[in-house]
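Trainee: Take a look at this one; I'll ask things after.
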Amino acid sequence: MPDRFDRRHFLTVVLPTAAAATVLASGTASAALPNANMEKIVLAAQCDPVKEGTGITPGAGPSVTLVEQALVDRGFLAAQYVDGHFGTATRSAYAKWQESLGYSGLAANGLPGRASLLALGEGRFNLTRPLTPGSRTTYQGFPFNQRTVDMLKEAAKLSGVSPVVEQGSYSPGNDPTSAGTHDGGGAVDIDAEALNGTQRTALVTALRKVGFAAWLRSPSQGNWPWHIHAIAINDTDLSTPAQKQVGSYYLGRNGLANNGPDDGPQVTKVTWEDYKRAQ
């Protein structure tokens, strides 16, 4: 047998003509499927539900439309919502899709994960730029996922300030003042009591530059000490309240119940994946 395998010869000689035609057609169809960018889809799922209108997250429209059409095809979404805006109707439909796959709790809150998107897109679209939060781990004794830990370490390097963690991720009910933002992944509170003003600004700036929605919290804002609250943008383990804070950040708000203006350092808003590609 020759070292180089000729697939066309195999299809012609070994398979019946009809079967060969089916295999070839299947391969062509798979290659011709449109691409859905997971990074854009997940960002839209955080940003779009908090908007007052139906504005489309920049660059996300075509990919979100593919997801919405797939949800329509599977009977989870009304056709009128296929518009590229990952709003509350799409999020609710996606949560039902996740439940149909056997997910529950945080895994079925409407924020797309890699496995559910792959299943949804089978035969409909190819998934590009897939996201994963990485394995569960600990940092300074607190629970996190590896993606968040990598982001924290990079922010420390950029700012020259070593963060002291006060609260980690995956901590449901741990702090009632957090309103559920730490129930899932991607959330962190950092002690800012011992930091001076320059250090606080440097650390918040660095956290934002590597892909966190981050704010300095003061005692005047709530029943808490000085600390930095940060949510890792595009972490697919985010709780619903944490997702809303990411959306608020992109809208230039403070992520608090009063929905006040963002008073933090202004930087170009990026995800961790955006940051790494730019290095």
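Trainee: Take the Cα atoms of the chain, find their three principal axes, and give me the spread along each one in whole Å, biggest first.
Mentor: Its Cα atoms span 77, 48, 32 Å along the three principal axes.
Trainee: Starting with the highest mean, order 256-266, 235-245 by the number of other Cβ atoms within 10 Å, averaged over the residues of each peptide.
Mentor: On the way: 256-266: 12.5, 235-245: 24.9.
Result, highest mean first: 235-245, 256-266.
Trainee: How far is it, in nm, from the label point at ASP191 to the one at LEU101 when both lie 7 Å from their Cα along the line to the Cβ?
Mentor: 4.0 nm
Trainee: When Lys and Arg each count +1 and Asp and Glu each count -1, what net charge do the other residues less than 13 Å away from ARG74, Cβ to Cβ, add up to?
Mentor: -2
Trainee: What 222 nm value per residue comes from the helices of the chain, counting each DSSP H run with n ≥ 4 as -39,500 (n - 2.57) and dividing by all residues, nearest 500 deg cm²/dmol?
Mentor: So the calculated ellipticity at 222 nm is -12000 deg cm²/dmol.
Trainee: Now for a different question. Take the chain, connect every pair of alpha-carbon atoms lying under 10 Å apart with a spring to form a Gaussian network, then pick out the residue of VAL82, VAL210, VAL161 with the largest mean-square fluctuation.
Mentor: Evaluated over the chain, the most mobile residue of the options is VAL161.
Trainee: Note down the nm distance, to one decimal, between modelled labels 7 Å out along Cα→Cβ at ALA257 and at ALA119.
Mentor: In this crude spin-label approximation the distance works out to 3.6 nm.
Trainee: May I ask which of LYS244/LYS269; LYS209/LYS244; LYS51/LYS209; LYS40/LYS276; LYS96/LYS153; LYS96/LYS269 have a Cα-Cα span longer than 27 Å here?
Mentor: LYS96/LYS153; LYS96/LYS269
Trainee: On a 0 to 90° scale, report how tilted helix 38-47 is relative to the longest principal axis of the chain, with both axes built from alpha carbons and the result rounded to the nearest 10.
Mentor: 40 degrees
Trainee: Please report Rg over Rh for the range 136-278, where both radii come from the alpha carbon positions and Rh follows the Kirkwood definition.
Mentor: Answer for the range 136-278: 0.91.
Trainee: For Cα pairs less than 8 Å apart in space and 6+ apart in sequence, what is the mean separation divided by the residue count of the range 201-279, i.e. the relative contact order in percent?
Mentor: For the range 201-279, the relative contact order is 35 percent.
Laboratory data are not the source of any read-out in this text; all were calculated from the coordinates shown. Just so it is clear, the model here is predicted, and its values are computed rather than measured. No Cβ is skipped: glycine too gets one built from the backbone with ideal geometry, and neighbour counts run over all protein chains shown.
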